[in-house]
Structures are given as structure tokens and as C-alpha cells.
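Here is the structure we will look at.
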Amino acid sequence: MSELALTLVRLAFLGLLWLFVLLTIFVLRRDLRQPAETRPTGRPRQPKAPKPAKVARQAKVRGTKLVVTEGPLTGTVIPLNTAQVTIGRAPDSTVVIEDDYASSRHARVYPSEGAWLVEDLGSTNGTWINRTRITTPTVLPVGVPLRVGRTTLQLQR
């Protein structure tokens with residue numbers, strides 16, 4: 001191979017390496033930047049403790065369970081009573097999920113006025129109910145998927 005052809009191959013290879021480096025930097029910058037409205041501003045705001053449900057409405061809450069339908073804990077059943085259930089990677093969570101996409105304290109499920117509410121606790125990747133990201137405490141209907149990281153749960157009676 002002539003010296004000119006070898007030099008051109010070397011320059012083309014060097015150009016491809018620089019293109020790879022620049023594209024990598026571009027992708028990293030795009031992934032690390034978040035719009036101001038979704039950027040966490042510190043500690044998540046904790047709402048007031050839910051009011052205790054009335055005795056007549058507690059009948060709806062009793063006998064309800066949270067079932068893991070997808071993820072490493074598939075088949076796990078968490079019976080729900082009047083206490084809140086926390087979901088996350090922290091060892092003190094009610095449902096401890098070993099998932100890189102879940103936060104330490106990701107979400108909580110709690111009863112309020114005869115219904116079960118889900119609240120995202122400022123997680124990085126969000127909490128999803130039926131493919132919709134929630135930002136405020138939201139009612140969790142029976143049978144609708146609740147996704148935390150790669151784990152999916154359902155409320156069942």
C-alpha cells in the first residue's frame with residue numbers, strides 16, 4: 001500500500017474517532033440536562049398526614065392487597081390495611097425493590113376517604129399509573145398497573 005493511501009486511512013480513522021467522541025459528549029450533555037420544571041429543587045414536599053378514614057368507609061379499604069405483577073418480586077402479595085405502604089430501595093421500605101431505576105424512597109400508597117392514593121416521593125424516574133406519570137397524590141384504581149422502576153404492581157380486592 002502506498003504511503004499516501006496509508007496516511008489517508010489513518011486520517012479517516014482519526015476523524016471517525018473524533019466523531020465518536022463528539023457524539024458521546026453530545027448524548028451525555030443531552031441526557032444530563034433536564035428542563036427546569038422537572039428538575040428537583042431539593043427535598044420533596046411532604047403533604048399532611050392523611051385523615052383517618054371513617055369506620056363506614058374502612059370497609060372498602062379492608063381486604064385490599066397490592067400484588068407485584070412484573071419484576072423481580074413477581075407474585076408478592078402485600079395485604080393493605082389502614083397503614084401506608086412505602087415502595088423503594090431503602091431497607092426500611094415496606095416493599096423493598098432491588099431496581100436501579102427505583103429511588104430509595106420512591107413512592108407511597110396510603111388510604112384516604114375510602115380510596116387508595118399513590119404519591120411519588122420525588123423519585124428520579126417517576127411513578128407511573130397506567131402509562132401516565134403522576135406528580136400529585138393520585139387515586140389508584142383496582143386492576144390498573146402502577147409502575148415503579150421496572151416493577152409493576154396492581155391493587156386488587
Restricted to the stretch 125-141, and to residues that are surrounded by fewer than 19 Cβ atoms within 10 Å (Cβ to Cβ) and in contact (Cβ under 8 Å) with a residue 24 or more places away in the chain, which residue is farthest from T82 (Cα to Cα)?
-> N125
Read through the list (1) assigned to a loop (DSSP other than H, G, I, E, B); (2) at pLDDT below 90; (3) surrounded by 10 or more Cβ atoms within 10 Å (Cβ to Cβ), then give the number of the only condition that A59 fails.
-> (1)
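The values are calculated or read from the model by the stated rules, or taken from the named source; none is laboratory data. These figures come from a predicted structure and were not determined experimentally. Heads up, the Cβs are rebuilt from the backbone with ideal geometry, glycines too, and the neighbour counts pull from every protein chain shown.
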